[in-house]
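Worksheet: the structure to be examined is printed underneath.
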Amino acid sequence: MNNESIRDLKDRLMNSGFRRICKCPPSHINCMTAKEWMVSQIGVWQFFYDKKDIRDKEKHPATFPISLSKKIISLFSHEGELVLDPFVGSGTTLVAAQDLNRNCLGFDLNESYIGLCNERLDQSIAFNKCSQIAIQDDARNINEYLPSNSVSLIWTSPPYANLLNKQRKNKSRRDRDNGQLNKIEQYSQDERDLGTYSVEKWATALGDIFEDLLHLLKHKAHCVVNVPDFWWENKRITLHIVLVEELRKRGYELRNTIIWDRTNIVNNIGIFGWPSNYITMGTTFEYLLDFWKPQK
């Protein structure tokens, strides 16, 4: 995106003001009712896919339900405020923001994913004044687009280090040849792509990105990151612990750990490790790590 396009984008977004357009009291962090709030306090969540979701791994190897994205956006923002997804992928965050009347920016390196985002946004009909924009650019450059204290929520599911950058064996599935067997599902081999990094390099690079984003957040605004743990060469890689430690060093405060229970959407799980090596299946749950920008 050239400098003129960046200026046009800034003008378009600044005209919206990133301000609440709801009638909620100033002290409320969202538009939820007391009943909705109470249900959201349960720390284990389940979600279902609907007809607008993308589940085709040929289009994107790691998608999540729109209902999950809607839950996060509803919990940590108001109508009219700005949501940021630094690794927007297939555009689920943008679609959810469109449905919920939030402004939203999504960034991705991959041109085809940006095309997919725009295709999905064009298919939805939303009668609101908010903008949802997909931008092909490195998350490291987001500072060029937004002013300080403008973002009410960062919500993203980043590449999981080199988790997908290996051949799929499907050992844990009853139906091993399910179309993914022996495939490598990485997003790209771009040297900037965090999905090609070792865990150590991934943590540092992700920490650098989130440190640069911290000043964009309003005080006490939330940042929610979806990550799994995984097995690598018979060792448990605790990616969620790595991320918590890294973001704490970068100035974020961990507020909540939520478990995304995926058992209702995972099919054909087989026996893995029996009878001598007990291993919990990483495909059946993931972590939603909720940080915020502390009030100084």
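Listed values, structure above:
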| item | result |
| --- | --- |
| For Ile21, distant residues with modelled amide H under 5 Å away | Glu79, Gly80, Glu81 |
| Cross-link pairs Lys201/Lys235; Lys129/Lys249; Lys52/Lys129 - those with Cα-Cα distance over 30 Å | Lys129/Lys249 |
| Ranked by how many other beta carbons lie within 10 Å on average, peptides 251-258, 89-96 from highest | 89-96, 251-258 |
| Alpha-carbon Debye profile of the range 35-132, log10 I(q)/I(0) at 0.12, 0.20, 0.23 Å⁻¹ | -0.38, -1.02, -1.28 |
| Residues Lys52, Lys71, Lys218, sorted so that the one with the fewest Cβ neighbours within 10 Å comes first | Lys52, Lys218, Lys71 |
| Segment Glu36-Asn128, extension gain: residue separation times 0.36 nm, minus the distance between their alpha carbons | 30.8 nm |
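Throughout, read-outs are computed from the coordinates displayed, never taken from laboratory work. Quick caveat: nothing in here was measured; it's all calculated off a predicted structure. Glycine also receives a Cβ, built like all others from the backbone with ideal geometry; neighbour counts cover every protein chain displayed.
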